[in-house]
1. Hey, can you tell me all the residues within the range 184-226 that are within 30 Å of the chain's Cα centre (by Cα) and assigned to a loop (DSSP other than H, G, I, E, B)?
2. Starting from residues that are over 15 Å from residue 129 (Cβ atoms) and either among the β-branched types (Val, Ile, Thr) or not assigned by TED's automatic domain parsing to the domain that holds residue 108 (or both), keep the ones in the range 163-208 and report whichever is surrounded by the most Cβ atoms within 10 Å (Cβ to Cβ).
3. Residues of the range 279-313 being more than 24 Å from residue 233 (Cβ to Cβ), touching a residue at least 12 places away in the same chain (Cβ under 8 Å) and either surrounded by fewer than 18 Cβ atoms within 10 Å (Cβ to Cβ) or not β-branched (Val, Ile, Thr) (or both), which ones?
4. Tell me, which strands (runs of 3 or more DSSP E) lie completely within the range 279-344 with 1 or more residues that are touching a strand residue (DSSP E or B) at 6+ places or on another chain (Cβ under 8 Å), modelled with pLDDT of 90 or more and not assigned by TED's automatic domain parsing to the domain that holds residue 239?
5. It is to be established whether one or more residues within the range 141-150 are in contact with a helix residue (DSSP H, G or I) (Cβ under 9 Å, 6 or more places away or on another chain), among the acidic types (Asp, Glu), loosely packed, with under 14 Cβ neighbours inside 10 Å and at pLDDT below 95.
6. Kindly list the number of the only condition in (1) modelled with pLDDT of 90 or more; (2) part of a strand (DSSP E or B) that fails for residue 371.
7. Report whether or not residue 182 is free of Cβ contacts under 8 Å to residues at least 60 places away in the same chain and not aromatic (Phe, Trp, Tyr).
8. I need the full set of residues from the range 345-367 which are part of a strand (DSSP E or B) and under 29 Å from the mean Cα position of the chain (by Cα), in order please.
Amino acid sequence: MSDKKESLLLRLVKYVLPIFFIFASFGIILAAFVFKPVPEKKETIQVLPVVEIIEARSEPITLEARSQGIVKSRTETLLVAEVTGRIQSISNSFFAGGYFKKGDPLIEIDPVDYRANLASSKSRLAEARLSYEQEKALADQAREDWESFGRGEGSDLTLRKPQLERAKAVYESALAGVEMAERDLERTTVKAPYDGRIHEKFADIGQMVSARQSQLARIYSTDTAEIRLPISLKDIEYLDLPGSYSNRSTNDTKPRVIVRGSYGGEQYEWEGVIDRTEGAIDPRTRLSYVVAKIEEPYKKGENSDRPPLKVGLFVEASIQGKRIDNAFQIPRKALRENNTVYTVDQESRIVFKDVEVYQTDTEWAIITSGLEDGDRICITPLEYAVMGMRVERESKESIKVLKAEIN
């Protein structure tokens, strides 16, 4: 009897208990689903793009063209010895970078031989002059004698005309010899041909130099600096450049130019003019070239620590161009594809406007039509934009910040 009870209990545990657990699990799941808390509904928060706008204002604008180049001297000279000899002294400023004035002695070549040559030339001149004067006296006497005793016309030889011409030629040759000796003696002192600076020197004290062969120094003038600037054919239409014609007619306009260069991390400016335009266009680059002139580039200004505008410095230049009486200057990034500008109307919607672009560079665009005073221009790049995009404006000092939202 006891065994039967145990067997029945085992059957209950084996078959009934799993079924109970299954129904209990379903009951718990059903209760959790029925009595679960309802989540609180919240409004959807949109992440809106933030843009900046500026207000369009028309004004007179002077156009400009940008270029760049390397500073060069207006005049550069290679000094060469004109006489042969040994250098006996040099100027204290005869070194690379040394300044000098016109007429300053730079190099002295030993003049002893040339002084002796001058003395010898003067001696020959004195003898030739004596012979010439004597021959003139003899010729006068021969002419008087012939006029007194001769008949007809006397021959040239009788009147001593060939003898006189020879004596005159010898005298003139001796005179030219003295002039050459004086010139050679003068050339033993090498003088500066203009106000300038030493670029590089090739000779020093004790060195033997040969006439017309030995290079002494390379010098350049300091009164004016020049920069050769390339200009695109498109930019030429914005400028009023100087020009000349074969019939000597000229255009004397000289646009103002600002030159900027960097020294030791600092940016400095020099002001000059466009002095001339070169006569040809580069066939490879299709660029024209103008030459900017800067007066007194090495002169220190009053109350200014600006360094001199040195030869070889790489500079950027802004050339003043024509004047437009009424135009808009906007940031270059505000100009979209197909010459379109995004504006914001009074109803806070994005409006596309087609504009006429007169000039652009890396920073600015000049607009001559398509905008009106007071237009609010979007200057922030947008990944996408559609006509009528609604915006929510927020002022922030002089710049208005807009939160754009697509309808």
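1. Start the filter on the range 184-226 by keeping residues that are within 30 Å of the chain's Cα centre (by Cα), which leaves 192-202, 217-226.
Matches in the range 184-226: 192, 193, 194, 195, 202, 222, 223.
2. Filtering the range 163-208 down to residues over 15 Å from residue 129 (Cβ atoms) leaves 163, 165, 180-208.
Those still in the list that are either among the β-branched types (Val, Ile, Thr) or not assigned by TED's automatic domain parsing to the domain that holds residue 108 (or both) too: 188-190, 198, 205.
Numbers: 188: 22, 189: 14, 190: 25, 198: 21, 205: 12.
Here the answer is 190.
3. Quick first cut of the range 279-313, residues more than 24 Å from residue 233 (Cβ to Cβ) only: 294-313.
Those still in the list that are touching a residue at least 12 places away in the same chain (Cβ under 8 Å) too: 294-298, 306-307, 309-313.
If the condition is that a residue be more than 24 Å from residue 233 (Cβ to Cβ), touching a residue at least 12 places away in the same chain (Cβ under 8 Å) and either surrounded by fewer than 18 Cβ atoms within 10 Å (Cβ to Cβ) or not β-branched (Val, Ile, Thr) (or both), then 295, 296, 297, 298, 306, 307, 309, 310, 312, 313 are the ones that fit.
4. Those strands (runs of 3 or more DSSP E) span 314-331, 340-344.
5. Within the range 141-150 (the criterion being in contact with a helix residue (DSSP H, G or I) (Cβ under 9 Å, 6 or more places away or on another chain), among the acidic types (Asp, Glu), loosely packed, with under 14 Cβ neighbours inside 10 Å and at pLDDT below 95), the answer is no, since none of the residues qualifies.
6. (2)
7. Details: free of Cβ contacts under 8 Å to residues at least 60 places away in the same chain: no; not aromatic (Phe, Trp, Tyr): yes.
For residue 182, the condition - free of Cβ contacts under 8 Å to residues at least 60 places away in the same chain and not aromatic (Phe, Trp, Tyr) - is not met.
8. Taking the range 345-367 as the starting set, the residues that turn out to be part of a strand (DSSP E or B) are 349-354, 356-360, 364-367.
Within the range 345-367, 357, 358, 359, 360, 364, 365, 366, 367 qualify.
The values are calculated or read from the model by the stated rules, or taken from the named source; none is laboratory data. In this text, all values refer to a predicted model and were calculated from it rather than measured experimentally. All Cβ positions, even for glycine, are placed from backbone atoms using ideal geometry, and neighbour counts span all protein chains on display.
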